[in-house]
Structures are given as C-alpha cells and as structure tokens.
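Structure first, commentary second.
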Amino acid sequence: MYKNLAAALAAACFFLSPTFSAQAAAPLPANAPVKAAFVYVSPIADAGWTHQHEAGRKEMDAALGNKVQSTFVENVAEGADSERVIRDLAASGNQIIFTPSFGYMEPTMRVAKDYPNVKFESITGYKRADNVSTANARYYEGRYLSGVLAGRMSKSGTAGFVAGFPIPEVMQGINAFALGMRSVNPKAVVKVIWLDVWFDPPKEREAAMALFNEGVDVVAFQTASTAIMGAAQERGKYAIGFHSNMNHVGPDAQLVSVTHQWGRYYADRVKAVAAGTWKSQDRWGGVREGMIRMDGYSPKIPTAVREEVKAREKDIATGKLQPFRAGKQAIRDNAGTEQIPAGKALTDEQILQMNWLAEGVQAPKRK
C-alpha cells in the first residue's frame with residue numbers, strides 16, 4: 001500500500017527471529033559503574049517522546065545510584081548526524097548505548113558492527129545483532145483505550161490523528177484508536193494527516209488546526225512535541241496526550257495521556273551489563289508489563305466512562321481483550337478488504353507488519 005514501507009515490511013519478520021547468540025560478557029570489576037549513554041532525536045522539552053525517555057534515564061539513575069554513570073545527547077537528527085554521535089559515544093568508553101528512535105536503527109547497526117564489545121539498545125527498531133537488542137512498547141493497547149474514551153466524549157463522532165510517518169507502529173496506533181472509537185460508536189470516523197517528520201511544532205500545530213476546521217473535536221497524535229495538545233487547548237477541543245502526561249499543556253483539553261514507562265527496562269539492561277549477563281533480545285511490553293499506562297484523566301470525564309475504560313484496561317492486562325481480535329464480525333480495512341476474520345486475532349508478526357488502515361479511517365494516499 002505504501003512504497004516507503006517496503007523495506008520495513010520486507011524485514012519485519014526479523015523482529016521476531018531468534019538472534020540470541022550473543023555470549024554473556026565478563027562482569028565488571030566490583031564497584032565499577034556502568035557507563036550508559038542515550039541519544040535523543042529531539043530536545044528534551046517538558047513532555048513528549050524524548051521527555052519520557054529522559055524520565056526513564058533519571059528513574060534508572062535513581063534506582064542504580066553509583067552503579068551507573070549515564071549521559072545523554074539531545075536533538076540529534078536521524079541519519080549521518082546520529083551515526084556520528086553514536087560512534088563518538090561508543091569510542092568514548094560507554095558500555096551500553098540506548099538509541100530511542102526508529103531512524104537510529106541503521107546507524108546503530110553500522111556502529112555496533114565496529115564496536116562488538118559495546119552493547120546497544122535499539123528502541124523501536126526491529127534489527128538485532130549479537131550486541132544489539134531491540135525494545136518497544138505496545139502503544140496500540142493504550143491507543144485502543146483512548147479510542148474508547150474518545151468515542152464516548154466526541155460529540156461529532158469525528159476524531160483526528162496527526163502522525164509522523166506511515167510505519168507499522170503508527171498504523172497499529174491509528175487502527176487501534178479507530179477500533180476503540182467504533183466499539184462504542186460504530187459510525188465514528190478518524191481523519192489522518194501525515195507530516196513526514198517526527199518533530200516540527202509549527203507543522204504539528206498547523207495540522208491540528210486544519211483538523212479542527214474540518215469538524216474534528218478530539219485529536220490524537222504520534223509526534224514528538226506538545227504542539228497539538230496546545231492547539232487543542234487554544235481551540236477548546238479535546239486531545240489525547242502521547243508519550244508523557246501533557247495535562248500541564250492542555251489542562252482543559254487533555255482527556256488522558258497514553259504514557260510510556262522506560263525506567264525499569266533501562267535499569268534492568270544496565271544491571272545485566274554490570275553482571276555480565278546481557279544478551280541480545282527483543283522486548284515488546286504493554287499494559288500487562290507496565291510499559292504502557294493511562295495517566296492524567298480529565299475531571300470532565302463522567303465516572304461511568306472512566307470506569308468503562310479502566311475495565312477494558314484490566315481486560316487487556318489479563319489477555320481477555322485484544323485490540324486486534326475480531327468479534328462476530330470481521331475487521332475490514334478502509335477499502336473494504338477483510339483483514340481479520342470473524343473470531344480471529346492477528347499474531348504479533350502480523351501486527352508488526354501492519355500496512356493497512358481500518359474501516360472508518362480517512363487518510364490521504366501515499367505515493
């Protein structure tokens with residue numbers, strides 16, 4: 001469907017393939033702190049994707065104390081700049097480097113090949129090596145829950161979604177959001193705007209304003225700033241925060257935020273380096289694992305609606321509810337093609353290769 005997804009989709013099965021051949025390294029000398037570095041794709045700011053990873057780094061520092069010595073570099077563009085920064089961090093003695101951006105995947109792989117004794121954590125990437133692990137969160141679980149909330153709170157039945165790029169994890173989120181909305185309002189519509197950039201506050205704000213002008217009264221997004229939440233606050237509309245709690249930006253606008261919790265994962269991986277037990281692995285955690293959490297519920301939400309969302313969150317945690325499991329009716333894409341047969345659920349591999357948009361989603365076609 002989307003040509004710029006071809007490479008990712010062709011290799012997506014690699015995400016789940018067993019590449020756990022890395023040998024455990026020797027433990028560090030007693031009392032020697034692990035040197036850990038983080039590379040951020042945007043400024044840290046007061047909320048958003050990078051802010052939440054920085055919160056995870058600080059949580060890791062607090063948990064490990066003098067057992068870790070961490071540093072970070074922020075606002076590093078994907079591509080040549082990121083490879084240069086990652087290479088410099090590897091050359092300067094860092095034992096583990098976290099690279100939380102999809103566009104850092106290839107630069108991370110290239111640097112890792114030249115520094116086999118350094119451990120790398122590719123966050124949202126899908127390629128692994130003996131010294132490269134991958135990790136991601138099941139954002140779509142939170143998206144589904146926020147879709148239920150949006151479906152209950154929207155008066156127009158029309159929501160918006162501003163997204164950086166049409167990669168599988170973004171499509172998962174859009175589809176889960178739409179399915180959540182349509183579970184309580186079968187006629188709900190989700191209008192999508194692609195930005196072709198992760199971090200561009202003016203462009204993000206412009207997209208949100210355009211959606212509001214089209215009758216959208218709830219907007220969700222997968223971008224790196226708080227600009228869309230700010231736009232919703234300005235226009236008196238609702239918004240779903242993402243990455244971190246954005247209530248301080250949109251105290252009247254935010255319905256809830258789908259937040260990502262990285263501190264425990266970061267601490268566990270650094271401890272593994274210290275103990276000499278670090279191995280290449282893949283981690284994909286969600287509500288059950290505490291990597292996805294719903295924060296900052298608006299006091300405007302009726303008690304019954306909030307309890308409904310909480311109940312579905314519990315069902316996801318126990319496995320009773322799966323966003324990509326069809327009920328009595330098949331789940332179709334927005335072209336009418338059956339994607340999930342009635343009573344069936346997508347496998348993780350199928351979710352990771354998602355390249356379709358669900359019924360009710362309106363998005364411009366990509367070349």
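The values are calculated or read from the model by the stated rules, or taken from the named source; none is laboratory data. What you are looking at is a predicted structure, and each value in this text was computed from that prediction instead of being measured. Glycine also receives a Cβ, built like all others from the backbone with ideal geometry; neighbour counts cover every protein chain displayed. The area values use the complete protein model at the heavy-atom level, side chains included, leaving out ligands, DNA and RNA. Shrake-Rupley method; radii C 1.70, N 1.55, O 1.52, S 1.80 Å.
A Cβ-based charge dipole, computed about the Cα centre of the chain with Lys and Arg at +1 and Asp and Glu at -1, lands at about 780 debye. Computed over the chain, the per-residue total of -39500 (n - 2.57) for DSSP H runs of n ≥ 4 gives a 222 nm mean residue ellipticity of -11000 deg cm²/dmol, rounded to 500. The Ala91 and His248 beta-carbon pair, evaluated with R₀ = 51 Å, returns a calculated FRET efficiency of approximately 0.85. Please find, in a Gaussian network model of the chain (springs between Cα atoms separated by less than 10 Å), the residue of Ala62, Ala47, Ala231 whose mean-square fluctuation is greatest. Of Ala62, Ala47, Ala231, the most mobile in the Gaussian network model is Ala62.
Run the numbers on the chain and let me know its relative contact order in percent, using alpha-carbon pairs under 8 Å that are six or more apart. Answer for the chain is 21 percent. Each residue of segment 116-128 was assigned a 3J(HN,Hα) from its phi angle through the Karplus curve 6.51 cos²θ - 1.76 cosθ + 1.60 (θ = phi - 60°); the sequence is x, 8, 9, 9, 10, 10, 8, 8, 6, x, 10, 9, 10 Hz, with glycine and proline shown as x.
With the simple spin-label model, which puts each label point 7 Å out from Cα in the Cβ direction, the Lys187 to Thr303 separation comes to 3.1 nm. Across the accessible surface of the chain, with the other protein chains kept in place and a 1.4 Å probe, carbon and sulfur atoms take up 50 percent. Per-residue accessible area (protein heavy atoms, 1.4 Å probe) orders Lys67, Lys328 as Lys328, Lys67, starting from the largest. Potential lengthening of the chain between Lys58 and Gln362 amounts to 105.5 nm, from the contour at 0.36 nm per residue minus the alpha-carbon distance. When only Cα pairs below 8 angstrom with a gap of at least 6 residues are kept, segment 218-367 shows a relative contact order of 14 percent.
Placing a pseudo-label 7 Å from each Cα along the Cα-to-Cβ vector at Asn355 and Lys310 gives an inter-label distance of 4.2 nm. For Lys119, the amide hydrogen comes within under 5 Å of the amide hydrogens of Ile96, Ile97, counting only partners 5 or more places away or on other chains and with H modelled in the peptide plane. Amide H contacts under 5 Å for Ala239: Val219, Gln254, Leu255, restricted to partners 5 or more places along the chain or on a different chain, H placed in the peptide plane at 1.01 Å from N.
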